[in-house]
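Visitor: Structure provided below as structure tokens; questions to follow.
The values are calculated or read from the model by the stated rules, or taken from the named source; none is laboratory data. Predicted, not measured: the structure shown is a model, and the values here were computed from it. Positions of Cβ are generated from backbone atoms using ideal geometry, with glycine treated the same way; all protein chains shown enter the neighbour counts.
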């Protein structure tokens, strides 16, 4: 299979590989996929408590080149966005940016899932820290 | 050293220049139809075909009359299985095969199942070999054929062919083996192994693509096959179609070279394969060999690099041609059914690389591959969440994964 130049670039020079302290109340961690399916993504965001803006994002991915590129791109896009803006990122935008072929669309879906899971984890932590009951998702301060 | 490096000799092999040289005259000057009985052009072609038949027969200890030329091993497997099922259907309707067979065997059996044939797919043990007890237990009075490959195309594991042959003989059941990966690479003798039908391919033994052979025993017992391609009655009526004279000459020459050089090649490649294996084990932790190391082709290695996905590995070693059992590298998007059958878990199938060494593999190439692969595996593990979790003491098998 031929990869697009952007996929190759992200594979060879992945942005923001690493881990953030997962117990930090301002860090949200998303872990999606399964080893037996051939891809697992861990995506983390760190939200600035004063501005509500994601000022750091990290990933680690077990998966094909397109999965690595999708998560690497996602971390690039997440930085500087508010939580709500982050939730608006669509897998189709990742597909378009990386020119993913149809068989690789699931990689972009997984990246979108990872973003949503990371944000959900962050919100849950914030709620717990603020003493809000888990169900009341919208009670947390948003930017 | 020239890049890219070819280390995928199970997929195909280049034509040996000596094979090409033998073939050349038959494209132009000696272009006759081997079935033309009334002029020298035909005689010349027929003579070349018969020399090739003898060369192939000599490689497997057969009589030349017992070889039928085909378009390749897929056709040979189809002809053997369908030909027997059709010819012996009054005698029985049960065939025994194995889950790790090549698709040319598995899918042929599946098709025949739709037409009423009963098929037993024997499982394999952790080492990739079938259990002879399970084979014996699956035989019924309706069993007409056992078809078990000699060596597997992914993991290189060699099945207990002589033992299977003895069981088949004792029970009066025909025994077919897809020997594509083994013939020409390790000793193979139809008498010692008691095989009745053997599939062979030219392009796996440094011959051209598009030509193969099927050994069909003529004596004790005399095996009959229902033709699957009808026409002019070529090849003892078992396979019609104008003979591919150039291809057959190439197959013959390739077989002769294998017979003469097999031992030397196998010794050299066995050492190189062991070097590849040992050096990778020295450099990397948590790498696992798939299938038996004891009963294995000398030029095969199949390793899973835990916590790293196969396609991303291949991407990192893009100047080395190897294969992976990862789902992402297959057309079906399913991980290798052969590796899954070993029961090691789908995650290890996704992380596997198949190395196939061959006649032109050098020590320098092996060392290059070790070095490159080590670096890529280390780099990918640094970005693998699984590797990180394992190093933190997480038991991955107890995780609840979010799948979709």
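Visitor: Checking residue B:232 against (1) in the same structural domain as residue B:45 (by TED's automatic domain parsing); (2) crowded, with 21+ Cβ neighbours inside 10 Å; (3) over 26 Å from residue B:174 (Cα atoms), only one condition comes out false. Which one?
Guide: Condition not satisfied by residue B:232: (2).
Visitor: Can you tell me which of (1) within 20 Å of residue A:21 (Cβ to Cβ); (2) at pLDDT below 95 is the one residue A:36 doesn't meet?
Guide: Single failed check for residue A:36: (1).
Each row is one residue, and each column tells you yes or no for (1) in contact with a strand residue (DSSP E or B) (Cβ under 8 Å, 6 or more places away or on another chain); (2) farther than 16 Å from residue B:181 by Cα.
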position	(1), (2)
B:258	yes, no
B:263	no, no
B:267	no, yes
B:281	yes, yes
B:288	yes, yes
B:295	yes, no
B:300	yes, no
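Residue-wise test of (1) assigned to a loop (DSSP other than H, G, I, E, B); (2) within 11 Å of chain A (Cβ to nearest Cβ); (3) buried (at least 23 other Cβ atoms within 10 Å of the Cβ).
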site	(1), (2), (3)
B:308	yes, yes, yes
B:335	yes, yes, yes
B:338	no, no, yes
B:355	no, no, yes
B:359	yes, no, no
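Visitor: State which residue is surrounded by the fewest Cβ atoms within 10 Å (Cβ to Cβ) when the search covers only region A:5-15 and only residues that are more than 10 Å from chain B (Cβ to nearest Cβ) and in contact with a helix residue (DSSP H, G or I) (Cβ under 9 Å, 6 or more places away or on another chain). Explain how you work it out, then say what you get.
Guide: Start the filter on region A:5-15 by keeping residues that are more than 10 Å from chain B (Cβ to nearest Cβ), which leaves A:5-6, A:9-10, A:13, A:15.
Next, from what is left, pick out any that are in contact with a helix residue (DSSP H, G or I) (Cβ under 9 Å, 6 or more places away or on another chain): A:6, A:9-10, A:13, A:15.
On the way: A:6: 15, A:9: 16, A:10: 23, A:13: 9, A:15: 17.
Restricting to residues being more than 10 Å from chain B (Cβ to nearest Cβ) and in contact with a helix residue (DSSP H, G or I) (Cβ under 9 Å, 6 or more places away or on another chain), the top hit is A:13.
Visitor: For region A:73-102: of the residues being more than 21 Å from residue A:56 (Cα to Cα) and free of Cβ contacts under 8 Å to residues at least 12 places away in the same chain, which is nearest to the other protein chains (Cβ to nearest Cβ)?
Guide: Among residues in region A:73-102 that are more than 21 Å from residue A:56 (Cα to Cα) and free of Cβ contacts under 8 Å to residues at least 12 places away in the same chain, the one nearest to the other protein chains (Cβ to nearest Cβ) is A:102.
Visitor: Inside region B:1-29, can you point out the residues that are free of Cβ contacts under 8 Å to residues at least 24 places away in the same chain and farther than 15 Å from residue B:52 by Cα?
Guide: B:2, B:17, B:28, B:29
Visitor: Can you say whether residue B:276 is in a helix (DSSP H, G or I) and within 14 Å of another protein chain (Cβ to nearest Cβ), as far as the supplied structure shows? Don't jump to the end; show me each part of the working.
Guide: Numbers: in a helix (DSSP H, G or I): yes; within 14 Å of another protein chain (Cβ to nearest Cβ): no.
So residue B:276 fails the test.
Visitor: Any idea how many residues of region B:128-139 are surrounded by fewer than 15 Cβ atoms within 10 Å (Cβ to Cβ) and closer than 11 Å to residue B:171 by Cα?
Guide: Residues flagged as surrounded by fewer than 15 Cβ atoms within 10 Å (Cβ to Cβ) and closer than 11 Å to residue B:171 by Cα within region B:128-139 amount to 1.
Visitor: Name the residue, out of B:84, B:119, B:105, B:56, that is closer than 25 Å to residue B:227 by Cβ, in the same structural domain as residue B:185 (by TED's automatic domain parsing) and without any contact (Cβ under 8 Å) to a residue 60 or more places away in the chain. Break it down into steps so the answer makes sense when it comes.
Guide: Numbers: B:84 fails: without any contact (Cβ under 8 Å) to a residue 60 or more places away in the chain; B:105 fails: without any contact (Cβ under 8 Å) to a residue 60 or more places away in the chain; B:56 fails: without any contact (Cβ under 8 Å) to a residue 60 or more places away in the chain.
That would be B:119, the only listed residue that is closer than 25 Å to residue B:227 by Cβ, in the same structural domain as residue B:185 (by TED's automatic domain parsing) and without any contact (Cβ under 8 Å) to a residue 60 or more places away in the chain.
Visitor: Could you figure out which of (1) in contact with a strand residue (DSSP E or B) (Cβ under 7 Å, 6 or more places away or on another chain); (2) more than 24 Å from residue B:339 (Cβ to Cβ) isn't true of residue B:155?
Guide: (2)
Visitor: Taking region B:165-189, which residues are assigned to a loop (DSSP other than H, G, I, E, B) and more than 25 Å from residue B:93 (Cβ to Cβ)?
Guide: Residues of region B:165-189 assigned to a loop (DSSP other than H, G, I, E, B): B:172-173, B:179-182, B:184-185, B:187-189.
Of everything in region B:165-189, those that are assigned to a loop (DSSP other than H, G, I, E, B) and more than 25 Å from residue B:93 (Cβ to Cβ) turn out to be B:179, B:180, B:181, B:182, B:184, B:185, B:187, B:188, B:189.
Visitor: Moving to a separate point now. Among the residues of region A:18-45, how many are more than 12 Å from chain B (Cβ to nearest Cβ) and under 11 Å from the mean Cα position of the chain (by Cα)?
Guide: 2
Visitor: Sticking with this one: Taking region B:380-396, which residues are more than 9 Å from chain A (Cβ to nearest Cβ) and surrounded by fewer than 16 Cβ atoms within 10 Å (Cβ to Cβ)?
Guide: B:391, B:392, B:393, B:394, B:395
Visitor: Go through the residues of region B:361-379 one by one and say whether even a single one is away from every other protein chain (no Cβ under 14 Å), under 21 Å from the mean Cα position of the chain (by Cα) and modelled with pLDDT of 95 or more.
Guide: Looking through region B:361-379, at least one residue is away from every other protein chain (no Cβ under 14 Å), under 21 Å from the mean Cα position of the chain (by Cα) and modelled with pLDDT of 95 or more.
Visitor: Across region B:312-328, which residue is surrounded by the most Cβ atoms within 10 Å (Cβ to Cβ) among those that are touching a helix residue (DSSP H, G or I) at 6+ places or on another chain (Cβ under 8 Å), within 10 Å of another protein chain (Cβ to nearest Cβ) and under 21 Å from residue A:9 (Cβ atoms)?
Guide: If we take residues in region B:312-328 being touching a helix residue (DSSP H, G or I) at 6+ places or on another chain (Cβ under 8 Å), within 10 Å of another protein chain (Cβ to nearest Cβ) and under 21 Å from residue A:9 (Cβ atoms), then B:312 is surrounded by the most Cβ atoms within 10 Å (Cβ to Cβ).
Visitor: Assigned by TED's automatic domain parsing to the domain that holds residue B:112 and part of a helix (DSSP H, G or I): which single residue out of B:192, B:226, B:162 fits that description?
Guide: Numbers: B:192 fails: part of a helix (DSSP H, G or I); B:226 fails: part of a helix (DSSP H, G or I).
Going through B:192, B:226, B:162 in turn, the sole match is B:162.
Visitor: While we're looking at this one, here's another question. Quick one: how many residues across region B:145-171 are under 22 Å from residue B:191 (Cβ atoms) and either surrounded by 21 or more Cβ atoms within 10 Å (Cβ to Cβ) or without any contact (Cβ under 8 Å) to a residue 24 or more places away in the chain (or both)? Walk me through it before giving the result.
Guide: If we filter region B:145-171 for residues that are under 22 Å from residue B:191 (Cβ atoms), which is where we start, we get B:145-151, B:158-171.
Of the ones still in play, those that are also either surrounded by 21 or more Cβ atoms within 10 Å (Cβ to Cβ) or without any contact (Cβ under 8 Å) to a residue 24 or more places away in the chain (or both) are B:145-151, B:158-159, B:161, B:164-165, B:168, B:170.
Going through region B:145-171 one residue at a time, the tally reaches 14.
Visitor: Tell me, please, whether a residue that is more than 14 Å from every other protein chain (Cβ to nearest Cβ), without any contact (Cβ under 8 Å) to a residue 12 or more places away in the chain and on the phi > 0 side of the Ramachandran plot can be found in region B:237-260. It would help to see each step written out before you state the result.
Guide: From region B:237-260, those more than 14 Å from every other protein chain (Cβ to nearest Cβ) are B:237-260; that's our starting set.
With the extra rule that they be without any contact (Cβ under 8 Å) to a residue 12 or more places away in the chain, the set shrinks to B:237, B:260.
With the extra rule that they be on the phi > 0 side of the Ramachandran plot, the set shrinks to B:237.
So far as region B:237-260 goes, yes, one or more of its residues are more than 14 Å from every other protein chain (Cβ to nearest Cβ), without any contact (Cβ under 8 Å) to a residue 12 or more places away in the chain and on the phi > 0 side of the Ramachandran plot.
Visitor: Which ones in region B:288-306 are within 25 Å of residue B:205 (Cβ to Cβ) and facing chain A (nearest Cβ under 10 Å)?
Guide: Passing the criteria: none in range.
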